There are 4 protein chains.
Amino acid sequence: MKPIIAINYKAYYPYSFGEHARLIAQESKRIWRETGIEIILIPPYTELKTILGIVKDTDIKVYAQHADPIEPGAHTGYVPLEELKEAGVHGVLINHSEHRMKLADINWLINRARKLGLKTLVCADVPETGAAVAILKPDIVAVEPPELIGTGIPVSKAKPEVITNSVNLIRKVNPEVTILTGAGISKGEDVYAAIKLGTHGVLVASAIVKSSKPYEIIKDMALNAMKAME
Amino acid sequence: MKPIIAINYKAYYPYSFGEHARLIAQESKRIWRETGIEIILIPPYTELKTILGIVKDTDIKVYAQHADPIEPGAHTGYVPLEELKEAGVHGVLINHSEHRMKLADINWLINRARKLGLKTLVCADVPETGAAVAILKPDIVAVEPPELIGTGIPVSKAKPEVITNSVNLIRKVNPEVTILTGAGISKGEDVYAAIKLGTHGVLVASAIVKSSKPYEIIKDMALNAMKAME
Amino acid sequence: MKPIIAINYKAYYPYSFGEHARLIAQESKRIWRETGIEIILIPPYTELKTILGIVKDTDIKVYAQHADPIEPGAHTGYVPLEELKEAGVHGVLINHSEHRMKLADINWLINRARKLGLKTLVCADVPETGAAVAILKPDIVAVEPPELIGTGIPVSKAKPEVITNSVNLIRKVNPEVTILTGAGISKGEDVYAAIKLGTHGVLVASAIVKSSKPYEIIKDMALNAMKAME
Amino acid sequence: MKPIIAINYKAYYPYSFGEHARLIAQESKRIWRETGIEIILIPPYTELKTILGIVKDTDIKVYAQHADPIEPGAHTGYVPLEELKEAGVHGVLINHSEHRMKLADINWLINRARKLGLKTLVCADVPETGAAVAILKPDIVAVEPPELIGTGIPVSKAKPEVITNSVNLIRKVNPEVTILTGAGISKGEDVYAAIKLGTHGVLVASAIVKSSKPYEIIKDMALNAMKAME
């Protein structure tokens, strides 16, 4: 299995939008060509189609940052999974620490996404909720201690036991789900450590998105990830 | 002043997305050319850029269906006004009956949108809340009794006093704001009545969006609106 | 182990408040004396102390219907667990289908309640979310298909597989948690069936709370529950 | 008209609950007897009945900190106005900065409370939203800049223009509503200034609730309020 780098664009201004949003996608494409690593781009809603256009003819996947737990219909300013499907995205991020969801809604979205052929990447804050989520059979679980998100202090160094406990608890209830970790990941060595601790890769945001040289950072992470998986 | 037809795409599947979403924009363009009426298109987030592309070089405005009351930054799956501005939209719908907002947030968004050069169309459910919203100085207030939304029973017939009371109450506190009405509007004659009762036009959704012939309906509404304004 | 009847008062007017609220507690006391069954009363916030006063010197437990996932402090109109503890309650209902919570908050509340010596009864809508919740180690899990709540069609008859699946899935991840079921439970025979399908008892609301003769109904349920547990 | 001191207990531990909650009510009673000032106590839900018992046979009013915009019925852990009415309270605080509400819900609660004979004290963050709220005809409007709440920096000193602008804007749309102010109020002189700037009194929380000598503080505020109203 190939290691995964999932890039959450968030809503940084101006980085997550327009020109810089496209740059991140173009550099990701270059790095995918150079390394073959699996990359998931998670841009804002309004950029989804543009980013999809840039990465078509590659294996790079594009996910939305959220979906609302609703069927299509008379809803104003909410995003059903069908809107994402129609836009052409491959999957959806669910329950990020900045967008926590109700348990019943997480389950509803995972099931409906599966029927629509959309992948689900579900976040959790601690190993226990990571395992709770894994029972619901998403494609990917990402465990991220919220107190480290955006700090630059990598979970793989500050709380390696969060990663190992997550892997242990999740594996007991779901042997197949892909496991990511995140929070504070900013360098290739953090990615290396995360994979060595038993995950398939990382969920990263500011370190890549707010960088003026995303190529360097993603490339460093990709090379370390490939090395760790050998 | 020209009458206004604001079209809320909502999230109907498949009507609000893809090909049909583009059709509505193209037909709106045609009708704008034929009548000069003011049209506001309010598509889903993922369609904003596509629709903007279709109506560029016209006076048609494109608004988003909602914005979240946040500054740009570490947010996942929320939409700050800056994202909309970056996408090129002209304004934003706020506090639709399907997306009610906190009073303090409505005020925050109106003020921030003004600074960013974005227009605000704020909905209210009854004349009193319409007046409350008008005090906050949005560009447009739309009063829509939620119990009539999507029914096909036009507010202008079922509850004309809602419209006249709204106009009276709103004018007392804000002589300049543009006033729309909506709910159950499905024909040209409903638009005619709404304008004769003192508004500048209507906010419409399903009657146009779910129609297989949006041209006919929008054109009928546009002609009646122009006639009522004479 | 003794069977459990948990009575959710909800917010029926006037049944859940005042005189009728006290009557339910008094009749519960009588039935506890006659049968020794375990009863959990779950009244509205404003009635908690009154109900606690009625059932003191019995083994009847009093739970709150909800707690907000906050530490005590500058909060207005929210209920931290410490408020409940101070009021003298024994536990708290979490994530009822009428008050769904975020996964991270459910976990936070379970852990904090444990530290404060409060019991947790956590609801779930389907067997899978029941298992997800069970991983977080609450004291009690109650699985209730929301579509049957308040219908009078008992889950034990309409969807017995929901109960057996819940028991199976929950037992795999947590062999010790107490398991209840609910939704549509209105007679002793429904309780009998629920226990025979592997649960420890039921979560009931309208059938008891809105009855003018709560004694008869609770007694019928208690006798059937005792018989099923033999 | 008598000046008003409204005391929001919030959810401070242990101050807002149990013994200290009762002490605040008892001292308020003493001060009411000594000065005749109008006092509104706003304790947590679970303390409402106890506090009402303490202040019966006085003119002190007891309000709840919040009500949910729902009719009574199948709701779990939500508080309809009818529950408050049944408990015997006189009114309800709505839209505190720590519990902001949707505009439509504020309006719904004000109207329903009026029908039930409950008073409404509605908060707002700035003069404009204060005026918006005043249009909806609550009994009392309290304008509190959230950035000063809990700071001990009194709005009457730091932002006197917030108070005078509020009074001006509110009076234009509603000549009868009672106007309070709050945020950072901690001494008698702050209350004196607030009244001299055109309000009827103050909404206070931590300065009184977390004090070990609430009598001294409330008395100081009451005397200054009476002096300012002369």
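Numbers below:
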read-out: Residue check for D:Ala132: in contact with a Cys (Cβ under 6 Å, 6 or more places away or on another chain) and crowded, with 24+ Cβ neighbours inside 10 Å; value: no
read-out: Segment C:146-170 residues that are touching a residue at least 24 places away in the same chain (Cβ under 8 Å), paired with ones that are outside any helix (DSSP H, G or I) and acidic (Asp, Glu) (beta carbon under 6 Å, 6 or more apart); value: C:Pro146/C:Asp125
read-out: Within segment D:1-21, considering residues that are surrounded by 23 or more Cβ atoms within 10 Å (Cβ to Cβ) and facing chain C (nearest Cβ under 8 Å), the one farthest from C:Pro80 (Cα to Cα); value: D:Asn8
read-out: Flag for B:Val55 being closer than 26 Å to D:Lys102 by Cα and hydrophobic (A, V, I, L, M, F, W, C); value: no
read-out: Criterion violated by D:Ala25 - all others in (1) within 12 Å of chain C (Cβ to nearest Cβ); (2) crowded, with 23+ Cβ neighbours inside 10 Å; (3) without any contact (Cβ under 8 Å) to a residue 60 or more places away in the chain satisfied; value: (1)
read-out: Unique match (being out of contact with any Asp or Glu (no Cβ under 6 Å at 6 or more places or on another chain) and in contact (Cβ under 8 Å) with a residue 12 or more places away in the chain) among B:Leu136, B:Leu203; value: B:Leu203
read-out: Qualifying positions in segment A:216-230 - touching a residue at least 60 places away in the same chain (Cβ under 8 Å) and either surrounded by fewer than 23 Cβ atoms within 10 Å (Cβ to Cβ) or not in a helix (DSSP H, G or I) (or both); value: A:Lys219, A:Leu223, A:Met226, A:Ala228, A:Met229
read-out: Check on B:Ile40, at negative phi and in a helix (DSSP H, G or I); value: no
read-out: Residue count, segment D:1-34 (criterion: more than 16 Å from the chain's Cα centre (by Cα) and hydroxyl-bearing (Ser, Thr, Tyr)); value: 3
read-out: Residue among C:Val89, C:Val133 that alone is more than 25 Å from D:Pro69 (Cβ to Cβ), within 11 Å of chain D (Cβ to nearest Cβ) and in contact with a strand residue (DSSP E or B) (Cβ under 7 Å, 6 or more places away or on another chain); value: C:Val89
read-out: Only listed residue being more than 10 Å from chain A (Cβ to nearest Cβ), hydrophobic (A, V, I, L, M, F, W, C), in contact (Cβ under 8 Å) with a residue 12 or more places away in the chain and farther than 30 Å from D:Val122 by Cβ, chosen from B:Ile39, B:Ile106, B:Ile110; value: B:Ile39
read-out: Odd one out for D:Pro138, checked against (1) within 17 Å of D:Val79 (Cα to Cα); (2) touching a Ser or Thr at 6+ places or on another chain (Cβ under 7 Å); (3) within 12 Å of chain B (Cβ to nearest Cβ); value: (1)
read-out: Residues (under 28 Å from D:Val141 (Cβ atoms), among the polar types (S, T, N, Q) and without any contact (Cβ under 8 Å) to a residue 40 or more places away in the chain) located in segment B:59-103; value: B:Asn95
read-out: Residue selected from segment B:144-159 under the condition more than 14 Å from every other protein chain (Cβ to nearest Cβ) and farther than 11 Å from B:Ala194 by Cα, by the criterion nearest to the chain's Cα centre (by Cα); value: B:Ile153
read-out: Which listed residue is within 8 Å of chain D (Cβ to nearest Cβ), under 27 Å from C:Gly150 (Cα atoms), surrounded by fewer than 21 Cβ atoms within 10 Å (Cβ to Cβ) and under 16 Å from the mean Cα position of the chain (by Cα), from C:His99, C:His66; value: C:His99
read-out: Residue within segment A:69-76 that is crowded, with 24+ Cβ neighbours inside 10 Å and within 7 Å of another protein chain (Cβ to nearest Cβ) present; value: no
read-out: Checklist (1) free of Cβ contacts under 8 Å to residues at least 12 places away in the same chain; (2) within 13 Å of chain A (Cβ to nearest Cβ); (3) closer than 23 Å to A:Pro44 by Cβ applied to B:Lys56, failing item; value: (2)
read-out: Residues of segment C:20-62 satisfying the condition of being closer than 17 Å to C:Val204 by Cα and aromatic (Phe, Trp, Tyr); value: C:Trp32
read-out: Residue match in segment A:45-68 (condition: modelled with pLDDT of 95 or more, acidic (Asp, Glu), farther than 22 Å from B:Gly18 by Cα and touching a strand residue (DSSP E or B) at 6+ places or on another chain (Cβ under 6 Å)); value: no
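The values are calculated or read from the model by the stated rules, or taken from the named source; none is laboratory data. Nothing here was measured: the structure is a model prediction, and the numbers come from that model. For neighbour counting, all protein chains shown are included, and Cβ atoms are generated from backbone atoms with ideal geometry for every residue, glycine included.
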